[in-house]
Every structure is written in structure tokens, then in C-alpha cells.
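Enquirer: Pasting a structure below so you can have a look.
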Amino acid sequence: MKPALLFLGLTDLISGYFLIKGMIHPLIVTFLWIHSVKGFTSLIGSMASGYYFDWMGVTDILAALMIMLIPLPIVGDFFKGFAYVVGIVMCIKGLYSMFWGFF
């Protein structure tokens with residue numbers, strides 16, 4: 001069992017839920033920072049190793065961007081549909097991470 005991978009998968013599931021619902025909670029701002037750091041380190045690490053299709057890192061950065069844009073009044077309404085799709089992808093990524101965290 002890998003507890004760090006389980007924790008990060010759980011943060012993906014929680015963020016995905018909030019993105020699907022299109023709502024903001026004070027706790028989700030913490031996930032904004034977690035996803036930003038996780039996404040950038042994932043992208044930098046994968047590019048350094050020659051892997052240029054890091055969908056998990058891009059998904060983390062998109063989730064952080066949507067978490068940041070949804071509370072804005074005008075921009076938030078425009079991005080709610082896109083945030084819904086990013087939320088579904090985040091939930092799939094979270095389930096994938098939690099699955100590998102158990103093995």
C-alpha cells in the first residue's frame with residue numbers, strides 16, 4: 001500500500017466532485033495549491049525524461065485553473081461546462097491513482 005498515492009488520489013476525487021458540482025469550498029483552495037505543484041512537477045519530470053504526453057500533469061494544471069476561475073462571476077459561468085468535464089477526468093484519474101495505491 002502506498003499512502004501518498006492514496007492521499008493524492010483522494011484529493012483528485014474531492015476536487016473532481018467540487019468541479020462537477022461547480023461549487024467552491026474553502027477547503028478546495030488548498031487543493032488548488034496541491035494540484036498546481038503536483039501538475040508542474042509532473043510535467044517537468046516527464047519532459048526531463050523525454051515523455052511529452054503527460055495527461056495526468058495537464059489534468060492537474062487544468063483542475064487548478066478551473067478551481068481558480070470558477071469563483072469569478074463572469075468567467076465562472078463560462079467555464080462551468082469545461083469544469084464539469086475536467087471534474088470527470090479528475091475523478092477517473094483519482095480512481096486510477098487509488099487503484100495503484102493499493103497495489
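What follows is calculated from the coordinates using simple rules that are stated; it is not laboratory data. Every value quoted in this text rests on a predicted model; they were computed, and no experiment measured them. A quick note on method: Cβ atoms are made from the backbone with ideal geometry, for glycine too, and the neighbour counts reach across all protein chains shown.
Enquirer: Name the one entry in Leu32, Leu27, Leu19, Leu8 that is in a helix (DSSP H, G or I), over 17 Å from Leu95 (Cα atoms), within 10 Å of the chain's Cα centre (by Cα) and not polar (S, T, N, Q).
Expert: Numbers: Leu27 fails: within 10 Å of the chain's Cα centre (by Cα); Leu19 fails: over 17 Å from Leu95 (Cα atoms); Leu8 fails: over 17 Å from Leu95 (Cα atoms).
Just one listed residue meets the conditions, Leu32.
Enquirer: Give the residue that is surrounded by the most Cβ atoms within 10 Å (Cβ to Cβ), with candidates limited to residues of the stretch 1-44 that are of a type in the set (Ser, Thr, Tyr) and touching a residue at least 40 places away in the same chain (Cβ under 8 Å). Lay out the reasoning, then the answer.
Expert: Of the residues in the stretch 1-44, the ones of a type in the set (Ser, Thr, Tyr) are 11, 15, 17, 30, 36, 41-42.
Going one step further and asking which of them are touching a residue at least 40 places away in the same chain (Cβ under 8 Å), we end up with 11, 15, 17.
On the way: Thr11: 21, Ser15: 28, Tyr17: 16.
Result: Ser15.
Enquirer: Give the number of residues within the stretch 45-54 that are surrounded by 12 or more Cβ atoms within 10 Å (Cβ to Cβ) and in a helix (DSSP H, G or I). Break it down stepwise before answering.
Expert: Narrowing the stretch 45-54 to residues surrounded by 12 or more Cβ atoms within 10 Å (Cβ to Cβ): 45-47, 54.
This time we only want the ones that are in a helix (DSSP H, G or I), so: 45-47.
Qualifying residue count for the region: 3.
Enquirer: A further question follows. Sort out which residues of the stretch 61-86 are under 24 Å from Lys2 (Cα atoms) and touching a residue at least 40 places away in the same chain (Cβ under 8 Å), and write them in order of number.
Expert: Once the filter is applied, which keeps residues that are under 24 Å from Lys2 (Cα atoms) and touching a residue at least 40 places away in the same chain (Cβ under 8 Å), the stretch 61-86 yields only Ala63.
Enquirer: Tell me which residues, restricted to the stretch 39-77, are polar (S, T, N, Q) and either over 13 Å from the mean Cα position of the chain (by Cα) or more than 20 Å from Gly87 (Cβ to Cβ) (or both).
Expert: Residues of the stretch 39-77 polar (S, T, N, Q): 41-42, 46, 49, 59.
Listed by number, the residues that qualify are Thr41, Ser46, Ser49.
Enquirer: Return the residue satisfying two criteria in turn: it lies in the stretch 66-85 and is of a type in the set (Val, Ile, Thr) and surrounded by fewer than 15 Cβ atoms within 10 Å (Cβ to Cβ), and of such residues it is nearest to Gly39 (Cα to Cα).
Expert: At the first step, the residues of the stretch 66-85 found to be of a type in the set (Val, Ile, Thr) are 67, 70, 74-75, 85.
When the remaining residues are screened for being surrounded by fewer than 15 Cβ atoms within 10 Å (Cβ to Cβ), the result is 74-75, 85.
Numbers: Ile74: 26, Val75: 22, Val85: 18 Å.
Among those residues, the one meeting the criterion is Val85.
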